[in-house]
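Enquirer: Below is a structure I'd like to ask you about.
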Amino acid sequence: MGYRNALLFRWSRRDRLTVVVVAVTAAFLIGTVLLLFTAVTYSETFAEPLANSGTVTYHDAEHGPPEPGEDITVLPTATATTDGTDLRLVGIPPDAPRVLIEGSAQWQEGRLPTLPDGVDGRGPVSQQQTRTVSGSNSTVSLTVVPQQRGTTFLSNQWYATNASTAQRVGVTGYFVINHSPSGTGLGSLPSEGAPLVSALLYVLGGLEQVLWALGIAAAAGGLLVLIVVYNVTRMSVRDRLDAIRVIRSTGASGWRVGLLFTLRAGLLVTTGVVLGYAVGLILIKALVNVAIFVGLPIALDITVTGQSATVVAGVAGIFVLMGLVAGALAAYPAATRPPASLGNRHTRSGQSGQSTLATLRSWVTPTFLSWRSVVPTAATLTVFGITFLLVVSLAGLASPLGGEAGGTGTITEAGAPHPLNSRLDAEYASALSADGTPASPEIIYAQVSDGQPYMAHGAKYDAFANVTGATLVEGQRPQRHDEAVIGSDLAQTLDVEVGDELTVSGSVKPGVRRVTIVGRYDAPRTLDDLLILPLDSAADLATGPGQVHMIRVKGPVSEIDDADGVAANQSGAVVTGLSGPRRVTKGDTVNLTVAVRNVGNERADREVTVRYQGDRRTTTVAVPPGQERTGTVSVTASELGTANATAGEYTHPVTVVSPNAIEIPSQLPSQAPPGSGLSVPVVTKTGERVSNATVTVNGPSLRTGSSGVAVVPLPREPGNYTITARSGNQTATHDIQIVRGTERELYGELSIAPSSGSVLTTPTLRVGLANPWQEPLTRNVGVIGPGVSRNRTVYMPPGNVTQTRFSPDGGRSQPGTYTYRMTVNGTTLTTADYEVTGDRRLASAVASSGSYASGTPIERSVEGVFGNVQLILGVLVVLSALSTVGSTTATFAQGVHARRQAIGIHRSTGATQWGVLRTILADIARIAIPATGLALGLSVLALQLLERAGWLVFFGFRLSARTPPAILTAIFVGGVSLALFGALVATVPYLTASPVSLLPSGDRTRTPDDESVDERQPSDD
């Protein structure tokens, strides 16, 4: 075999180790590339209905109108006031497309509102109205009609008019919509503006940032390859110095020898890269298969695409280039020095005697090895430290590593494949809060702004802050639909301040919003990287009214049993109220109605037991998911008096009265003007009208008609009188005072059913109004209370009676007693109380019917895309550690190899293998500890530099370079351990070989792993 073939293809054990180190490093990077690109493909498939390329950009009017274009739609906008309230008015040009094809999602078109003929626009009104709007140019009167149903592209709080009206009011800016077609894969992230549908591009943009970080890892991997190949090639050159001297002395040029060693190094690296590609592909596929087998949420099919192949080729190219450079550097001295100076350069055989310096120095100074190993060891461990810190930082986004996200967890819809697919009733958070568990209903609102993906959340800031511990450090809480607060880290990422305006687009539905940043808050971990929008504003373009993606809770929600010993949350159906008649006649059948709410996502059958006066009745209520149904049981009123019916924690009082007892309603006026006529109703205790009853006041007697009412003339003289009603042997009375100048008033009745319930119960108000006088009355009547404020001017003819029923909105989010009032001309006429009870069964059912997990929503989201990210990142750390072991092995192998003769002399003079190993390990510890400390400092410094440069932002979350001491300690211990292990691997061959093989023999020294080139006369073949 000629010297060329020998130098190129005869590989020693060190060379094979080099191939393994390169293969492990390549597997680490190539496997990561394949995993990320598969995640991209999965994300594109997962969110294919969201694919669109339309963008919206806001231009200030101070810079003039934007340039028009074929695929450009310009919507002029004006900020104005009406009745002292700020508003935004958006003009629709007459030539604007009604549907923006490139700004639509599969289930929602990007549709601009249409303006009916005869009106000036649409606005937040319930019926056609005229509004006076004052802008920067003029004040105009606009006729507006309600918003177009199903059109959410513009905020329903904005006024949509034609473009000319916006010009008349005074244009303050322009929404520029670019709906030109473009791609939606990697590299398609718009560098300007916000995508009209941001969810897919948010994921792709975040993955692009991760791929950029992978470039750092590739460069670090290249440095590892450079160190390993340089050390191994240098040892190979040193072993062959005598042969090189002969080769060059017989006519071979120095550059040819250098080229051969350079090609040898390139061949080693190429073999390692090819092997690493196979190992990386097989390892990642095996990882996914194992994860699927054990039931982890992974839905990835690892395949090689054109894009991933390009990146893999780039990584391989970097490795091969680094290998060639390392080979050239290692061979340079042997290729440039004179042949006569090569060979016969044996190192000294060890330290000759005790150091003359202090004992401390003897402890510090290595016995066999040289301090020169500190630099390559520190470089290798720095790469490991940077990789480890990056992985830990990324794990902070994708898993609750280092603690639950500020002590919070999230509840999503059970079975939802991704939090964006989850839908929960926002009121469920009220049930949790009523039980004492702080809860915040939130909407995940993915966004992209000028090429930067970031995360917004629709939330009630006070609830969000209560759960997360967020503290407002500047500005104020949002009060309006177009106000938002921002986390301090996100403010730095987006370069916005309090008072700035931000254009927000749709998340999963096309649309555009404009919000003002009114506050900045600080919060722990990734919670500091959110834009908090008002809940209702985010719902239009994400979930829909009243629905949220998840409920953030502070701490776990325990499971408890109901009164019957049955786990209340097994089915997700819980009792939320009990109602029925308040008064019944003895012997009557009492129908009691129990309300059951299903907070789960499957149909549930709930068996409910109602107790009354020692009697038990059971009914089964079938409830569809997310809805409420009622069931009825019947009991007999057998005893006079008041007794409570109960179902779970809810009670309902029932009063049993005598069947013949009568009464005059207490709501009848207690004062009247002299000589007025008064309609006096006579009813039973259960409210039924009594006909043919006798009504008497101050002498004259009248009988009630079929309606149970008698029109009684009142005395003309002021004084106190009693109205008496008689039916059979039953009597009822009502005191009335005759006062001159008394104003005739209506009398009313206000009741609420049920009288108590949970925060999810929707009670019904019954409003009764009567005019008991013999002349018509016109009054301003109001009903006021939590979730209701109604005022109406009513005309009541003489003797007229009217009733209405309605359910108030929210406003009853905490346990307690809530009072509703009926007013007439501002004076309270009557009241009704409603009690909200805290129900732990309901809170437990809400929590268990969903999917609870600790950590932040982004942790849940990333896990939904990648599967179990903790497992994947763990494998990457292991591969990085293996690469580090290989690199440190190569580094220390050179040092041990250089001192092999000293080792041979020690062993030949009686030193045991264990004694030599102990001495070498002590040397390595002296080198590894300062090298690891230096590497740790360089790693932290590198991470801080990356943070200051703004390069540690992934998915809009800014990673912190402030590493906890526990992580730094782990890196230090791990680095020293890896260095010791690598040194052990490098030393073992020299300990197992015979001492004679380590000593000089003739013109050449043989090493235990050396298979030297054939020292025959060089040939040209």
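Enquirer: Within segment 486-552, what whole-number % of the accessible surface is contributed by carbon and sulfur, with the 1.4 Å probe and all protein chains included in the calculation?
Expert: Numbers: 770 of 1810 Å².
Within segment 486-552, the accessible surface is 42 percent carbon and sulfur.
Enquirer: Starting from the Kirkwood radius over alpha-carbon pairs of segment 55-214, derive D by Stokes-Einstein at 20 °C in a medium of 1.002 mPa s and give it in µm² s⁻¹.
Expert: On the way: Rh = 17.0 Å.
Reported coefficient: 126 µm²/s.
Enquirer: Please report, as a whole percent, how much of the solvent-accessible surface of segment 748-808 comes from carbon and sulfur atoms (probe radius 1.4 Å). Walk me through the intermediate numbers first.
Expert: Numbers: 1180 of 2620 Å².
With neighbouring chains kept in place, the figure for segment 748-808 is 45 percent.
Enquirer: A further question on this structure: Can you check what the net charge comes to around residue 770, using other residues whose Cβ is under 11 Å from the Cβ of residue 770 (Lys, Arg +1; Asp, Glu -1)? Intermediate values should be presented prior to the final figure.
Expert: Details: positive: none; negative: 745, 749.
Once positives and negatives cancel, what remains is -2.
Enquirer: At a probe radius of 1.4 Å, what is the per-residue accessible area of residue 285, in Å² to the nearest 10?
Expert: Taking all protein chains as shown, residue 285 has close to 90 Å².
Enquirer: Could I have the simple spin-label model distance between residue 249 and residue 970, label points 7 Å from Cα toward Cβ, reported in nm to one decimal?
Expert: Here the answer is 5.8 nm between the modelled labels.
Enquirer: Among 634, 126, what's the order by accessible area (1.4 angstrom probe), most exposed first?
Expert: Descending accessible area places them as 126, 634.
Enquirer: To continue, here is another question. Sort the following peptides by mean Cβ neighbour count (other Cβ atoms within 10 Å, averaged over residues), highest first: 314-321, 159-166. Show your work: numbers first, answer last.
Expert: Details: 314-321: 19.4, 159-166: 22.2.
Taking the mean over residues of other Cβ atoms within 10 Å, the ranking is 159-166, 314-321.
Enquirer: Once you list every other residue whose beta carbon is under 12 Å from the beta carbon of residue 151, what net charge do they have if Lys and Arg are +1 and Asp and Glu are -1?
Expert: Once positives and negatives cancel, what remains is +3.
Enquirer: For residue 733 and residue 833 in one chain, what is 0.36 nm times their gap in residues minus the Cα-Cα distance, to one decimal in nm?
Expert: 33.3 nm
Enquirer: Let me ask something else about it. Please list 73-82, 791-800 highest first by mean number of surrounding beta-carbon atoms within 10 Å per residue.
Expert: Ranked by mean Cβ neighbours within 10 Å, highest first: 73-82, 791-800.
Enquirer: Show which lysines lie in cross-link reach of residue 509 when reach means a straight Cα distance below 28 angstrom and same-chain residues fewer than eight apart are skipped.
Expert: List returned: 460.
Enquirer: Under 1.5 on a/c is rounded, so check that first for segment 655-727, then, if it is not, pick prolate when a/b is larger than b/c and oblate when it is not; a ≥ b ≥ c are the square roots of the alpha carbon gyration tensor eigenvalues.
Expert: Judged from the Cα gyration tensor, segment 655-727 comes out prolate (a/c at least 1.5, a/b above b/c).
Enquirer: Mind ordering 719-728, 465-474, 532-541 by average Cβ neighbours within 10 Å, highest first?
Expert: Taking the mean over residues of other Cβ atoms within 10 Å, the ranking is 532-541, 465-474, 719-728.
Enquirer: Still on this structure: Among the lysines, which fall within straight-line cross-link reach of residue 586, defined as a Cα-Cα distance under 29 Å, with same-chain neighbours fewer than 8 residues apart omitted?
Expert: Result set, ordered by chain and number: 685.
Enquirer: I've got another one for you. So for 15, 833, what's the accessible-area order with a 1.4 Å probe, most first? Numbers along the way, then the final one.
Expert: Values: 15 0, 833 85 Å².
Ranked list, largest accessible area first: 833, 15.
Enquirer: Could you rank 789, 960 by how accessible they are, 1.4 Å probe, largest area first?
Expert: 789, 960
Enquirer: Still on this structure: Let me check I've understood the local charge: for residue 803, count other residues with C-beta under 11 angstrom from its C-beta, Lys and Arg +1, Asp and Glu -1. What total comes out?
Expert: On the way: positive: 766, 805; negative: 749.
Counting the neighbours of residue 803, the net charge comes to +1.
The values are calculated or read from the model by the stated rules, or taken from the named source; none is laboratory data. Note that the coordinates shown come from a computational prediction; the quantities given were computed from them, not determined experimentally. All Cβ positions, even for glycine, are placed from backbone atoms using ideal geometry, and neighbour counts span all protein chains on display. The accessibility values were calculated without ligands, DNA or RNA, using every heavy atom of the protein model including side chains. Shrake-Rupley method; radii C 1.70, N 1.55, O 1.52, S 1.80 Å.
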